[in-house]
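Any read-out appearing in this document is the output of simple, stated calculations on the displayed coordinates, not a laboratory observation. These numbers were taken from a predicted model, which means no experiment stands behind them. We place every Cβ from the backbone using ideal geometry, glycine too, and count neighbours over all the protein chains shown.
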Amino acid sequence: MAPRGDSVNEEMRQRSRRRILRATITLVDQHGYARTTLSDIAEQAGLARGLLSYYFDSKRLLMQTATHRLMHLQLSGALAELPPDASAQARLARGIDAILTLAMEHPRVMRSHLALILDPDVGAFVQDPEQQQLGAILQDLLRGWGAADAVAEHAVLRSALMGGCIGVLLPGAATPLPLIRADLFARYGLAWELGTPPPRADQP
């Protein structure tokens, strides 16, 4: 049998990596980060436990990469639903809504992700390829919106979105999503009707 070519091997590696990342999201959604083990993830992905160490140096890195992938896929999918001639304001609105919606749909994943990146004792913020793809999409949205410095404005938007996610997810003291969204939309001069608006806080 002829040996597999490099392209086939690379595709197999990428397929295994995607299975690991999907399994991580599924299990953390169900059980939380602390109760999800690397062995659980390997079993869910249908792969040998040792392969996880080959792709990811730590559980923390795996968790953050999986969440960044989930975020950039959610964002890309939401933007793809817009018509080609959608305005820059409509695109930015859809992007903001995509991330806030993710916090509502995957609360355990997003709480775990935020806890890890805010804890100085577990390491610095991870800028993995998935996070870089997410950042590139957000910077492109901001350029279209009119940001003079998309890189600097991205840092501001990223912080605002993190704060918004913390607000809607804070156990026992959550802020209603419409209030978080209204604040973000006002910051960027976006009409409430753009994106995928939830009912307003003052509506039944």
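Taking the Cβ of Ala103 as the centre, find all other residues whose Cβ is under 13 Å away and add up their charges (Lys, Arg: +1; Asp, Glu: -1).
Around Ala103, the charge tally is 0.
Tabulate in residue order the Karplus-calculated ³J(HN,Hα) for the stretch 60-74, using 6.51 cos²θ - 1.76 cosθ + 1.60 with θ = phi - 60°, rounded to whole Hz; enter x for Gly and Pro.
4, 4, 4, 4, 5, 5, 4, 5, 4, 5, 4, 5, 6, 5, 4
Taking the Cα centre of the stretch 58-193 as origin, sum charge times position over the Cβ atoms of Lys and Arg (+1) and Asp and Glu (-1), and report the length of that vector in debye to the nearest 20.
Computed about the Cα centre, the dipole is about 260 debye.
DSSP loop (so not H, G, I, E, B), at most 11 other Cβ within 10 Å: list which trypsin sites (Lys or Arg not before Pro) in the stretch 1-103 pass both filters.
Arg4, Arg35
Would you calculate a helix-derived [θ] at 222 nm for the chain, using -39,500 (n - 2.57) for each DSSP H run of n ≥ 4 and dividing by the full residue count, to the nearest 500?
-23000 deg cm²/dmol
Say each of Gln14 and Asp140 gets a label point 7 Å from the Cα, pointing the same way as Cα to Cβ; how far apart are those two points in nm?
Distance between the two pseudo-spin positions: 1.6 nm.
Multiplying the sequence separation of Met104 and Val151 by 0.36 nm and subtracting their Cα-Cα distance, what value in nm do you get?
Using 0.36 nm per residue and subtracting the Cα-Cα distance, I get 14.2 nm.
Placing +1 at every Lys and Arg Cβ and -1 at every Asp and Glu Cβ, with all other atoms neutral, what dipole size does the stretch 1-56 have around its Cα centre, in debye to the nearest 20?
Once rounded to the nearest 20, the dipole reads 20 debye.
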